[in-house]
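Some notes on the structure that comes next.
The values are calculated or read from the model by the stated rules, or taken from the named source; none is laboratory data. These numbers come from a predicted model, not from an experiment. Cβ placement follows ideal geometry from the backbone for every residue including glycine, while neighbour counts extend to all protein chains displayed.
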Amino acid sequence: MTGGAKGIGQGIALALAKDGFDIMLHYRTSHNEAQNTIEEINKNGVRAVAFSADLTKRGDVENLMDETLNKFGRIDVLVNNAGILEQKPFDEITDSDWDSTINTNLTSVFLTTQICVKVIRSGGSIVNISSIGGQIGGAKAPHYAASKGAIITFTKSMARIYANRNIRVNAVSPGFISTDMLEHILKRQNKSTEEVSKDIPLNRIGLPSEIGDAVAYLVSSRASYVTGQILNVNGGLFL
């Protein structure tokens, strides 16, 4: 899985480990966090390896897939979670901001998917992590919203293309989840989690483990007839 060192990615990795999956944990720069997550994964009696790569570079992605096959012998599941979020007024977004966000959040999904489908087993599963921003838009981060919205249509396209190989492709769309990223955003906006929670029907912020549980369901046999779907996990914020 990509972007698995911390936050939502860590929650997904631990959920899959509890279900018995060995994990190739991709990270970009968070080495210490990745190693801490590996230690937590190993407590579940499965194997886990951390691998650093720049997913916007085809060569790095090819190396990631090769290493996964070398370590584990097969690929059953791909989870595309790696991403960045930078909030800026629209008229302040630079070309560099746009390119960085689109490349990290969307191009990486294209590359990992295109390369992984060559080797993932028939009957395998791909889950892409989108965002509520990709469904309702983002006034404070339109470039992020654009990248996450594109992931939704990309997911549906891949589900159609690879159904003949029985490869299911779905997406999970989180709302507000308790992560360092959310804490940073709320701090910049001078808001508390209590204030944000008032707009959520379930009246609380979600947990990374709850995104992990959603992914674990989608890649399991319990979701064997589910493909091309967007599973919203947002406490009812987007109905």
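V119 - would you say it is at pLDDT 95 or above, closer than 29 Å to Y225 by Cβ and of a type in the set (V, I, T)? Criteria met by V119. Out of all the residues in the range 170-187, which are over 15 Å from K6 (Cα atoms) and β-branched (V, I, T)? Scanning the range 170-187 gives V172, I185.
Checked against the criterion of being touching a residue at least 60 places away in the same chain (Cβ under 8 Å), in a helix (DSSP H, G or I), closer than 21 Å to T113 by Cα and in contact with a Pro (Cβ under 7 Å, 6 or more places away or on another chain), the candidates I8, I12 yield just one match: I8. Considering every residue within the range 39-59, establish whether at least one is surrounded by 13 or more Cβ atoms within 10 Å (Cβ to Cβ) and of a type in the set (S, T, Y). Scanning the range 39-59, I find at least one residue that is surrounded by 13 or more Cβ atoms within 10 Å (Cβ to Cβ) and of a type in the set (S, T, Y), so the answer is yes. Pairing each residue of the range 29-43 that is under 24 Å from T56 (Cα atoms) with any residue that is of a type in the set (K, R), provided the two are 6+ apart or on different chains, yields C-beta distances under 9 Å for S30/K6; E33/K6; A34/K6; T37/K6. Mind listing just one residue for me: the one in the range 115-141 that is out of contact with any Lys or Arg (no Cβ under 9 Å at 6 or more places or on another chain) and of a type outside the set (A, V, I, L, M) and, of those, nearest to A171 (Cα to Cα)? Going through the qualifying residues, I end up with N128. If you check V233, V172, V215, V219 for being in contact with a Pro (Cβ under 9 Å, 6 or more places away or on another chain) and in contact (Cβ under 8 Å) with a residue 60 or more places away in the chain, only one passes: V233. Among residues of the range 176-190 being part of a helix (DSSP H, G or I) and touching a Gly at 6+ places or on another chain (Cβ under 9 Å), the one that is surrounded by the most Cβ atoms within 10 Å (Cβ to Cβ) is L182.
Residue pairs whose Cβ atoms lie under 8 Å apart, sitting 6 or more positions apart in sequence or on different chains, and linking a residue in the range 196-208 that is farther than 20 Å from H184 by Cβ to a partner that is among the aliphatic types (A, V, I, L, M), are P201/L237; P201/L239.
The residue that is surrounded by the most Cβ atoms within 10 Å (Cβ to Cβ), among those in the range 204-239 that are more than 15 Å from the chain's Cα centre (by Cα) and assigned to a helix (DSSP H, G or I), is A223. When restricted to residues that are over 20 Å from N128 (Cα atoms) and either assigned to a helix (DSSP H, G or I) or among the aliphatic types (A, V, I, L, M) (or both), the range 64-87 contains 6.
The helices (runs of 4 or more DSSP H) located wholly in the range 88-175 that include 1 or more residues which are surrounded by 16 or more Cβ atoms within 10 Å (Cβ to Cβ) and β-branched (V, I, T) occupy 95-102, 108-116, 142-162. Take the conditions (1) outside any helix (DSSP H, G or I); (2) modelled with pLDDT of 95 or more; (3) over 18 Å from G134 (Cα atoms); A34 misses just one of them, which is (1).
Scanning the range 150-169 for residues that are among the polar types (S, T, N, Q) and in contact (Cβ under 8 Å) with a residue 60 or more places away in the chain yields a single hit, T155.
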